[in-house]
1. For Ala294, indicate whether it is within 26 Å of Ile620 (Cα to Cα), crowded, with 20+ Cβ neighbours inside 10 Å and among the aliphatic types (A, V, I, L, M).
2. Can you name the residue in the range 605-620 that is hydrophobic (A, V, I, L, M, F, W, C) and surrounded by 14 or more Cβ atoms within 10 Å (Cβ to Cβ) and, of all such residues, is nearest to Ala219 (Cα to Cα)?
3. Search the range 1-43 for residues being aliphatic (A, V, I, L, M) and more than 31 Å from the chain's Cα centre (by Cα), and hand back the single one that is modelled with the lowest pLDDT.
4. Would you point out which residue out of Ser331, Ser370 is under 30 Å from Leu431 (Cα atoms), over 30 Å from the mean Cα position of the chain (by Cα), crowded, with 16+ Cβ neighbours inside 10 Å and modelled with pLDDT under 80?
5. Test Ile344 against the criterion of being touching a helix residue (DSSP H, G or I) at 6+ places or on another chain (Cβ under 9 Å) and closer than 30 Å to Leu607 by Cβ, and give yes or no.
6. For the range 423-512, list the strands (runs of 3 or more DSSP E) that sit wholly inside it and hold at least 3 residues that are among the basic types (Lys, Arg) and either modelled with pLDDT under 90 or out of contact with any helix residue (DSSP H, G or I) (no Cβ under 6 Å at 6 or more places or on another chain) (or both); which are they?
7. Would it be correct to say that Met358 is at pLDDT 75 or above, surrounded by 16 or more Cβ atoms within 10 Å (Cβ to Cβ) and in a strand (DSSP E or B)?
8. In the range 465-496, what count of residues is obtained for those that are farther than 27 Å from Glu352 by Cα and touching a strand residue (DSSP E or B) at 6+ places or on another chain (Cβ under 9 Å)?
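The values are calculated or read from the model by the stated rules, or taken from the named source; none is laboratory data. This is a predicted model, so every value here is computed, not measured. All Cβ positions, even for glycine, are placed from backbone atoms using ideal geometry, and neighbour counts span all protein chains on display.
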Amino acid sequence: MTLSNIVFKNIKGNLNKYVMYYLSNTLVVMIFFIFANFISNPQVESVDIMGSMGAMASQTMFLCEVVIVIFTMVFTMYSISSFLKSREKEFGLLSMFGLTKGQIRSYVMLENVIVSTAAIVTGLLLGIIFSKLFFMTITVLLALDIEIPLIISTKALIITLIVFIILFQGISFIVSYKIKSNNIIELLKGDRLPKPVPKFSKFKAIFSIILIAAGYILAAYSGAAIVLTMLPILILVIIGTYLLYSQFTVFFTNKLKVNKAIYYKGINIITLSQIIYKLRDNANILFIASILSAVTLTASVSVYSIQKNIIGSIEQNFPQDFNIVERGLNSHSVISPEEIEKTIKAYGHEIEYKNRIMLIEAANKERETSSVTNNKRDFYIMSNSDYNLMASQLRKKQIWLQNGEVLIHTYDITGRMGSKYFIDDSEYLTLTTNSEELKLKIKNEISGGIINDDNKNTNTAVVNDEVFNKIVTKVPNEKKLVYYGYNIKDWMNASEAVKEIEKMFPDNSKNSFTERVAKYLPIIRSMSLLLFIGTFISILFFISTSSILYFKIYSEIQNDRHEFMSLRKMGISNDEIKRVVGTQSAIMFLLPFVVALSHSIFAIKSLSNLLGDNLSGYFIVISLIYLALQLLYFVFARTIYNNQVNAWVR
């Protein structure tokens, strides 16, 4: 029997050992190729298709490629090392049958060549298949008028092959030299050598909680200073997390063992006796998994919430897709509403809402100048009936004002929604129009507009219809304003139509034109692109991190086998053994997620304080998705483990 025959038979008989390593590497290769194929596509940086967005997308994905390579190096090195450590008994048998150390290295490298080649080929095939879907998704996310054509780049194929052949085989060659040169007896004993009782420091165990708590408190109360305190927080939490696994978990488990009511209840004596060794042996892995999971979870929530925050802020300050403010009630319009509607239809779009309302300019008597961020001086007065009409279109709460009451809508160019500028300072607002002074009782103040923000951040004052009609009669027609507001169905795809309408207005026109489509669409596209790419990287990190835990658990199966077989002889039932396995697997898989979730809660709290917005809703959604994926992975790992247990006890 040749060496290659032994390798093929070993892989065939131990597929469970290689399945997650193979699948994880396949995913890495697939994502790397898709990104490389996108970067190499000559149409990506075409001005007609993506313009500057193409350059930004390419640069972002290039950075992601670097991250993928670095992460794959760490993941592959750990995976192969775990394989070698768990197979010392196998190497001992091969040595006993006459294989030299060099032949064993060749055996390991040939084995890795087969598995990694299969992963590279499968990853490339899946990358080619899913590249079309990736390009279509990019087209939709960036609201492009032309679909990015699918081109399978030879350059991307060659780069992917070279990178991963060098990466997988280079690491395999380096790690193969870690095979111990112990004598055959020691190799045959392998992990069955007796382990020392895990030791811990009570001071370090308590100190770990103090460090993490200090990091949490600093994160919760830093506010805008989080930019300065971020590094100290990271240092405190990272050191605290490492001590948490290496010291506190052992300390806590020992405390449970001392408690006789817990320790001698049911199968706890077995579970606790084993888990204390597993937690101590796997402290580094659990630490890395927790930190990576926390980074992935926080980054996902941050990008998603910032995107939603930006879109929400745009829609709050610019509720209409575009508007025209015409000065003078009977003045001749530069462009008629009919021309606007004709242009919109010519580009294949439909108007969802259109409004024509009257506005009256006014000024806050108590303010002589306006602020850069928020204007407390200038106002547009609007009637209650016009307000309710537009509020119903925008699905906002309608309001009915009494004579002498006012509802204020304010703007803030910093995007911090919910700020109160008037109602907290005074119960009344005094406005002056052309020739009249109005003292109005403030009923409410709302952050964000019912009409679009202008270049002065002019506030809107909504008054009772009777009051508004009295003001109108006293203001000459040439000083009255007519506001035309338009909302387009599928407005994110209407940038070309809006740009065409804007060109119709000369620079010296008395009419002002404001729009949110072409102005803010690049920002929305950028955030959507980051979210999409970030999702790919998050999935990669999640699967790789979970796979590391899977490898660690699976590498200990053979060692656990002897313990469980001994327990079976002592009368422990199969169901009880499975409960022990389930509890230990749950702790190994879910403990890092719980720690990562705890870290992320305070990270998102800091981000919420910085943005002036509550991100808990976004955080809950993303966390539940991650929890569901983690539970699926846990169920899969437990099933594999239980299958092995069933094979032992037959």
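1. Taking the combined requirement at face value, the residue satisfies it.
2. Taking the candidates together, the pick is Leu607.
3. For the range 1-43, the residue satisfying everything is Met1.
4. Ser370
5. Spelling it out, it is not the case that Ile344 is touching a helix residue (DSSP H, G or I) at 6+ places or on another chain (Cβ under 9 Å) and closer than 30 Å to Leu607 by Cβ.
6. Result: 437-447.
7. Yes; evaluated as a whole, the condition is true for this residue.
8. 8
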